[in-house]
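Engineer: Take this structure first; my questions come after.
Coordinate-derived values only; no laboratory data. Note that this is a predicted model, so its numbers are computed, not measured. Note that we place each Cβ from the backbone using ideal geometry, even for glycine, and neighbour counts take in every protein chain shown.
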Amino acid sequence: MCIGERPPTQSQRDDYSFARMRSRDADEHAAHLSGWNQTYEQLTPGPFEGFLCEALFAGIQLFRETTNQSVHELGSGRPGAYMFGVPIGLQGEGYFDGRPVGLDSVLVLRDRRHLDFRAPAPLDLVGLSIPIDALRGYALEIDQRDVDDDLRGVSVASPAPERVRRLRAFLLLALESICGHPQKLQHPVTRRALEQAVYRSIVDTFAVAADESVPAPGPTRGHALVSRAQEYMREHVDEPLSVEDLCRELRVSRRTLQYGFHEVLRLNPVAYLRALRLNGVRRALRAPVAGTTVQDVAARWGFWHLSHFACDYRRMFGELPSETLHRADCG
């Protein structure tokens with residue numbers, strides 16, 4: 001389901017856009033974020049609910065995203081842009097690029113770099129995407145700073161908490177102002193003022209004095225292991241993999257593998273593989289070809305016991321697989 005608000009004329013749409021969208025499916029929600037190439041794997045059971053509020057203007061993307069289930073976000077961000085994310089509400093710890101994420105963390109993604117985010121449930125996050133060249137030019141001209149130096153190698157930043165709070169408050173204020181009256185973006189002066197304020201907020205956040213800086217955490221030891229395991233699982237998702245198979249392939253003990261998955265994804269390897277396959281089934285059922293049946297799709301993804309599969313599917317997504325297929329067939 002998508003509920004959108006957009007400017008009434010084409011010329012205005014060329015200059016800016018604004019939309020609110022609600023989703024009942026993780027992949028549908030992922031597709032709503034303009035310009036991103038990403039997939040959401042739902043990790044925790046229950047009906048998915050997502051909300052996205054997005055404003056686009058002057059090459060800038062400002063959005064707020066909420067999800068009620070833990071998801072593993074994979075893919076890449078907007079090309080030619082720096083992307084920043086600031087948690088608003090966080091229950092439990094997330095992982096971004098193998099690094100733990102807390103309430104006062106700032107997530108940083110550049111251009112087409114790989115997106116790897118295990119988002120906790122629930123998640124409430126305000127995000128920002130800025131053209132790299134524009135941000136670089138602003139920082140050099142106004143502050144004589146090299147923003148690329150400030151952000152080089154950073155994926156989870158830890159500025160002083162007060163700076164993070166100011167950035168979060170500013171982004172929320174800007175988005176709430178647009179949400180209350182989207183038509184204000186039709187005015188070039190308003191767009192220009194917002195653009196400059198956005199650039200200033202990012203430069204101020206990362207222009208950290210030496211005595212304020214907090215070392216950015218590195219990837220956890222389990223992240224590299226889990227990444228290798230995930231890659232192997234995806235390459236062999238249609239095979240009857242076991243934990244023993246993974247241990248042999250990765251040359252680690254069962255305990256090490258279990259610990260790594262729990263640390264990074266809060267799931268054991270078997271549960272993650274089941275979630276991976278269930279998400280694959282759901283995508284196939286939501287985009288069926290002629291003659292598609294639940295039994296065939298389930299079998300193709302390695303589920304040989306149909307009643308157990310149906311229970312697992314309903315527990316994960318809040319509906320039977322036949323209901324997903326029926327809704328897709330009905331358009």
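Engineer: Find, among the chymotrypsin sites (Phe, Trp or Tyr not before Pro) in segment 282-331, those assigned to loop by DSSP (not H, G, I, E, B) with at most 15 other beta-carbon atoms within 10 angstrom.
Structural biologist: Trp304
Engineer: Moving on to the next point. From the square roots a ≥ b ≥ c of the eigenvalues of the alpha-carbon gyration tensor of the chain, which class results: rounded (a/c under 1.5), prolate (a/b over b/c), or oblate?
Structural biologist: It is oblate, given that a/c is not under 1.5 and a/b is not larger than b/c.
Engineer: Roughly speaking, what is the stretch gain from Ser307 to Leu140, that is 0.36 nm per residue apart minus the C-alpha to C-alpha distance, in nm to one decimal?
Structural biologist: 53.9 nm
Engineer: Determine the sum of side-chain charges near Ala174: Lys and Arg each +1, Asp and Glu each -1, restricted to other residues whose C-beta is under 14 angstrom from that of Ala174.
Structural biologist: +4
Engineer: Hey, quick one: spin label on Ala197, modelled 7 Å out along Cα-Cβ, who in segment 153-186 has an amide N within reach, i.e. under 20 Å?
Structural biologist: Counting only backbone N, you get 163-186.
Engineer: Give me Ser23, Ser242 ranked fewest to most by other Cβ atoms within 10 Å of their Cβ, as a rough exposure proxy.
Structural biologist: Ser242, Ser23
Engineer: If packing is taken as the average number of other Cβ atoms within 10 Å across a peptide's residues, how do 29-41, 62-74 rank, most packed first?
Structural biologist: On the way: 29-41: 18.9, 62-74: 21.6.
Averaged packing, sorted descending, gives the order 62-74, 29-41.
Engineer: Give me Cys247, Cys330 ranked fewest to most by other Cβ atoms within 10 Å of their Cβ, as a rough exposure proxy. Intermediate values should be presented prior to the final figure.
Structural biologist: Numbers: Cys247 18, Cys330 6.
Fewest-to-most Cβ neighbours within 10 Å comes out as Cys330, Cys247.
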